[in-house]
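A short write-up of the structure that comes next.
The values are calculated or read from the model by the stated rules, or taken from the named source; none is laboratory data. Since this is a predicted model, take the numbers as computed values, not measurements. Virtual Cβ from ideal backbone geometry, glycine too; neighbours counted across all protein chains shown. Each accessible area value is taken on the protein alone, full model and side chains, heavy atoms only, with ligands, DNA and RNA left out. Shrake-Rupley method; radii C 1.70, N 1.55, O 1.52, S 1.80 Å.
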Amino acid sequence: MNELFIGLMSGTSLDGMDAVLVNFGYSPQDIKIMGHSYVPYEDTLKKSLLGLHLPYTNELEDSLIAGNIVSQKAYQAIEALLKKTGTTPKDVKAIGFHGQTIRHQPQKGFTLQIGNPALLAELSYINVIADFRSRDVAAGGQGAPLVPAFHKEIFSHPTTHRAILNIGGIANITLLNPETSVSGFDSGPGNLLLDHWSQKHLRKAFDEDGSWAKEGELIQTLLDAFFKDPYFEKTAPKSTGRDHFNEAWLNKHLQKSYPTQDIQRTLLELTALSISKAICTHNASIIEIYLCGGGALNSFLVERLKSLMPQIKIQLTDALGMPAQHVEAAAFAWLAKQTLFLKAGNLPQVTGAKGLRILGAIYPA
C-alpha cells in the first residue's frame, strides 16, 4: 500500500498555508514526505482573520468571504505542490484541510475553522476532508489537540519515554510513555504573543532566532502576573487559542510602562517556562523531547527550554525522519486518511471526548 494524501495547515500564527504530499506505506511508521509548498497570507487577509476572532457587525458575511480566500490560498499551495512533485490530482486519495480557526470555545460546545471545502474540491478535483474538530466537541471533547493521535502512530518508541512538542501560535505537548496511555494538551502560548509584539514594535512578522528577546531583561513581576492566569493551573484535557491568549489578554497585564524589548524577553520566558512546567508536572520521566512547528526554529527559545530542562535531550523531529516544519500538515494528511478509511482520529484521553470518533466531513471530488 503506497497511498498519497495532501495535508494542509494554517495555524494560529496566521502566516500562510503549508501543504505537504505524504506517502503512507504498509506500516504506521512507513511514511514519507514527498514534497512541500507554502503560500504566504497577505497583510489584508491576516488583518481580516484577526478581526474575525472578535464579534462585530457583518462578521458572518466577512467570515464566509475570508473562508473562500483561505480555500483559494489552499488551492494555490496544492497546485504548486503537485507541480513540484510531478503528481496529478487523480494520484491523490484526499486532501486533509484544517481550515483557519477563528473561534475555539469547546466549553460552549463549538469550535470554528473557516474555509470552503466544497470550493477546494471544485478547484482541485481531489476529495477534500475538513471540519475535523467538530465531531470530537460534539462527543464532549475539546476538539484539540488532535495531533497527538498522529504523534502516537508515527513517533512512539517501545521503551523510551519521549515528548513531541509543537510550538505554533499555541504550544501543544504529546507525552509518549510506552507504559501508559498517550496524553497531550495545549500548554499555553507558543509564538502567538511573541509574534504580535514583534510585529507591533519591530514591524517584523517574528523575532528571528529570538535575537531581540535575548538582549532584553526578564521582568519577573510581569512573568508572575502572567502565570496567575487560571489556564496554567487547569489539568488536562485542556486546549486554548486566540480566544484566550490575545492582544487584549496581554494589554491587561501591561498597566505599567516597561521597555518593549524586556516585554519580548518576558513573553519568551512565558512560553518556555509554561512548557517546561507542564512537562515536569505531567511526566517527570520523559528523557527526550522532539520539537516541531515554527518555534522550533527560535534558537533562543530552544536554548531556554534546554536550560530549564537540562536532564532531557531536546532536538528537532528531523532526527526521527520528519522535518519539524512539516509535522502538523502531515498530521492532517493522516487524519484525512483515517476519515477516508472510517477509522477514529481522536484520542479520548487527550481531548476528553466520550470515546473514539471518526472525524471530519468528506467532500468528494
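Here is how the numbers come out for the structure above:
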read-out	value
Selection count, the stretch 33-49, where residues are within 21 Å of the chain's Cα centre (by Cα) and without any contact (Cβ under 8 Å) to a residue 40 or more places away in the chain	9
Residue in the stretch 95-104 that is in a helix (DSSP H, G or I) and on the phi < 0 side of the Ramachandran plot present	no
Unique residue being in contact with a Cys (Cβ under 9 Å, 6 or more places away or on another chain) and surrounded by fewer than 21 Cβ atoms within 10 Å (Cβ to Cβ) when the list is P364, P259, P323	P323
Positions within the stretch 1-32 being over 20 Å from N172 (Cβ atoms), open to solvent by 40 Å² or more (accessible area, probe 1.4 Å) and either assigned to a loop (DSSP other than H, G, I, E, B) or touching a residue at least 40 places away in the same chain (Cβ under 8 Å) (or both), in sequence order	M1, N2, Y26, S27, P28, Q29, D30
Condition met for S299 (of a type in the set (G, A, S) and over 18 Å from the mean Cα position of the chain (by Cα))	yes
Those residues of the stretch 200-230 which are at pLDDT below 95 and touching a Lys or Arg at 6+ places or on another chain (Cβ under 7 Å), in sequence order	none
Inter-residue pairs, beta-carbon under 7 Å, first assigned to a helix (DSSP H, G or I) and in the stretch 256-275, second charged (D, E, K, R) and open to solvent by 10 Å² or more (accessible area, probe 1.4 Å), 6+ apart	Q261/E215; D262/E217; Q264/D207; R265/E217; L268/R304; E269/R304; A272/R304
Test result for Q113, in contact with a Gly (Cβ under 8 Å, 6 or more places away or on another chain), at pLDDT 95 or above and surrounded by fewer than 24 Cβ atoms within 10 Å (Cβ to Cβ)	yes
Count of residues meeting criterion [out of contact with any Ser or Thr (no Cβ under 7 Å at 6 or more places or on another chain), modelled with pLDDT of 95 or more and not basic (K, R)] in the stretch 265-285	9
Hits in the stretch 278-312 - residues which are open to solvent by 60 Å² or more (accessible area, probe 1.4 Å), over 26 Å from A329 (Cβ atoms) and either among the aliphatic types (A, V, I, L, M) or assigned to a loop (DSSP other than H, G, I, E, B) (or both)	A284, I287, P310, Q311
Any hit, the stretch 332-343, residues being open to solvent by 10 Å² or more (accessible area, probe 1.4 Å), basic (K, R) and touching a residue at least 24 places away in the same chain (Cβ under 8 Å)	yes
Residues that are crowded, with 24+ Cβ neighbours inside 10 Å and closer than 16 Å to F24 by Cα, drawn from the stretch 93-105	A94, I95, G96
